[in-house]
Structures are given as structure tokens and as C-alpha cells.
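J.: The structure is given below, and queries will be raised subsequently.
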Amino acid sequence: MSRQLNFAVRVLGFWVAVVSLFFLFQSVEYRGIVAQLAEWQYLEFKRYWPALTFVALTTLFSAPLIIAVWLLRVRQRRDEGLGPARVDDGRIIRSRLGRLQGFFMGMCAGSLLAVVIILILRLQLPSDQGTPRSIVLGSPDAIAPVEGRAVLTGTVDLSETAQYNEDLFLVKRTLYFAPIREATPGPDTAKNEPLRYFVEVRRNDVKGYDAIKFPDQKKLVRVWRFRVPEGAFTPYLQGVLRRRALPGEMMSLYRYAGYDVDSDTYVLFSSPEKLSWHYYVLAGEFGLSALISGIAAIIFGRRKRAVTRRLQEEAGFNTGAAPSPRKSVASTSA
């Protein structure tokens, strides 16, 4: 039973780390269950709690394993009531320390796996090396451009600028995006064609992280909740082009506001650092989790070994204090 419980605890630690990675990516990409819960929070509370949502989903999807470990622990606790009390006390402490060590070992392994996956995804991002490509919106070059350095030619509608906040566990930042269209569109082109290209814009009157200000009415919260038309903005028309990099929150925003957004979007970022920022932050957060879990596993492992040595010493002392009757008779005869 003890081996089964120790194995289950290790699996639980690893599973928690993997599930955390899954929902963390949903949080970053604004997709799946996380996106649905976020939309509900925006409508009901005019804000979205990403950390609370992340922790709640991770706990919910880890609940079956948590219950299984708890049931195994209940069975073992029932069995621990048998046997000599002095021996059982030490054995119980040792088994508990072993389970804690196994849990944090699983957390450490899962966190390290998450770091590796995140860094591999980071390597797939486009770089800013080479000569920038000139892309004129409305031309054949804009149909399926290559990712990387680019210069866009078109009309940026700064009145449709939207604010995007990334509020992670350790750091946070604010980005602004605006759609860019064909400079000389044909009749009704700008009205009917879906938004496909977006550019990062710099806000001149506000620096750093800026909290989102929501409108009062619930309908407006859904329709145009991140709109900032009153700001002073400067668009970036040269930078790093990335396919399907528009955050899901931005896509939902423009669609709720009545715009048709193409599923195959392109976003021009001012620098490659703006693209790789959250990958490094996520890797750092999981790396910190691995470090803390590893230190905890080492601490509990050392305590477990200390308890094991004490039990061995007590067992040796008890054996030496009770000599066998045969040796006693031999000593008397001598």
C-alpha cells in the first residue's frame, strides 16, 4: 500500500504541473475553457481574474487524482493502527516524508518539462534577421507573406485601437493594436472585407502597464470593452510580422464590436522581444516552480533519511539490549 501511495503522489505532482501548463497556454492564447470563463466574467463582473481562473481549473481537473490519493491515504492510515506503536510512529513519519518528497519531485519534473516545451515553442518564432520585405496591403504579396522582418504599406485606423494587458504571476505589460487596411481600397472594400492585418501601436501619453477602464453598461462591456480612441498613438509600420499572433481577446473584441475578423490574421510587432516576452516569462515562472519544488524534495528527502537512520539505530539498540539465552548460558558455564 505504501508503494502504491508514494507512486500515486508522484503522479499527482507531475499531473498538476502538466495540467497547469495546458491551462496556462489557454490563458495566454485566450482559447478553450479559459476563454469561455473569461467572457462570462467580463459580462458579469466587468473584469477577468486570470490567476483565479487558472488555479480553479487546475484544481478541478486534478481532483480525480487528488481523491484517489486521499482514498489510498485513508486505507493506509487504517492499516497504520496495527503493530507496535513506537515502530509505527517512525514508519508513519518516514512514509509521510516520502510522499511529500515524491510529490515535489513530480512537480519539479513536470515544471522542467514545461520549460523545455516553452523554449522549443520560442525557437519557432520569426527573427528580425535579413532584409525586411515590403508588403503592400491589397497586392498579391499580402495574400500569404513570409513571417519575419517586414514593412507594411496601408492605412492604420487609430480610432479602432484596442488595449491588451498581459497580467502574469511575476510581471505584466500593456500592448496596443490597431487594424491596417488597404491604402486605396475599391468600392466598399473597407466595409465588407474582414480585418486581417493588425499592427502594434505605441501610446504616447501613457507609459508602461495601464489598467483597463471598462464602460458602465453591460452591453458596452461586451461590445467595445478595450477600446481606447482618446489616446495619442503612433503605429509601427516596420517590425516583425507574425501569423496568427493576434490575442484571442482582441479577436473577440472586434467581433463583438461588429467587425468581421479573418481567422488567418497577421500582426506586425515592433520588435522580436515583444513576441518572445511572454515565452520567457512563462519559462521563468515554471523554472522558479521547478527550483522551489526541487529544493522542497531535497529537504524532505534529507528528513526522510534522518528518520530512517534513527529507526535503524533504534532497531540495532533494541537487538543489542536483549542477548540471546544461549549466549547467557555459555557465559555462566565459563
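J.: For the peptides 31-37, 255-261, what is the packing order when you average, over each peptide's residues, the other Cβ atoms within 10 Å and list the highest mean first?
T.: Highest mean packing first, the order is 31-37, 255-261.
J.: Taking the highest mean first, how do the peptides 69-75, 196-202, 53-59 order by number of other beta carbon atoms within 10 angstrom per residue?
T.: 196-202, 53-59, 69-75
J.: For GLU166, GLU314, what's the fewest-to-most ordering of other Cβ within 10 Å of each Cβ?
T.: In increasing order of surrounding Cβ atoms, one gets GLU314, GLU166.
J.: What spacing in nm lies between the two simple spin-label points modelled at THR59 and GLN4, each 7 Å away from Cα in the Cβ direction?
T.: It is 2.8 nm.
J.: Testing the spin-label approximation: label points 7 Å from Cα along Cα→Cβ at LEU121 and GLN238. State their distance in nm.
T.: Each label point is offset 7 Å from its Cα along the Cβ direction, giving 3.2 nm.
J.: Follow-up. FRET efficiency for PHE22 and VAL74, Cβ-Cβ distance as r, R0 = 35 Å, nearest 0.05?
T.: Working: r = 29 Å, r/R0 = 0.83.
About 0.75, to the nearest 0.05.
Quick note: the coordinates plus some simple rules give every number you see, no bench work behind them. Only a predicted model underlies this, so the values are computations on that prediction, with no experimental measurement involved. Here Cβ is always computed from backbone atoms with ideal geometry, including for glycine, and neighbour counts include all displayed protein chains.
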